[in-house]
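Down below is the structure, laid out as structure tokens.
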Amino acid sequence: MIELSDLGLLREATLVDAGWVAADAETGIAAADPASGVVIGHVPNLGAPETTRVIETGGDVPSPCSTMMN
């Protein structure tokens, strides 16, 4: 893994319904630097229930442009 000076910049999780879902070591998907092939982190391998929650709650999240339209 690469080393960051500020570890707060790296989050091995996905935002689902206003909460963070962490990547499991066994089921997480490795994210690698395409140039070197070095694994730089892991992302959760979300299934159908998590995907459904993301889709269902996605309409409740205001886009940055929506406030400009009012």
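The values are calculated or read from the model by the stated rules, or taken from the named source; none is laboratory data. Being a predicted model, the structure only gives us computed values, none of them experimental. Cβ: placed from backbone, ideal geometry, glycine included. Neighbour counts: every protein chain shown.
Residue check: is I40 in contact with an Asp or Glu (Cβ under 6 Å, 6 or more places away or on another chain), on the phi < 0 side of the Ramachandran plot and at pLDDT 80 or above? First the steps, then the outcome.
Details: in contact with an Asp or Glu (Cβ under 6 Å, 6 or more places away or on another chain): yes; on the phi < 0 side of the Ramachandran plot: yes; at pLDDT 80 or above: yes.
Considered against the rule, which asks whether it is in contact with an Asp or Glu (Cβ under 6 Å, 6 or more places away or on another chain), on the phi < 0 side of the Ramachandran plot and at pLDDT 80 or above, I40 comes out as yes.
Taking the criterion of being among the small types (G, A, S), surrounded by 11 or more Cβ atoms within 10 Å (Cβ to Cβ) and at pLDDT 80 or above, the residues of the range 1-29 that qualify are A13, A22, G28. Selection of the range 1-24 for residues being small (G, A, S) and over 16 Å from the mean Cα position of the chain (by Cα) yields only S5.
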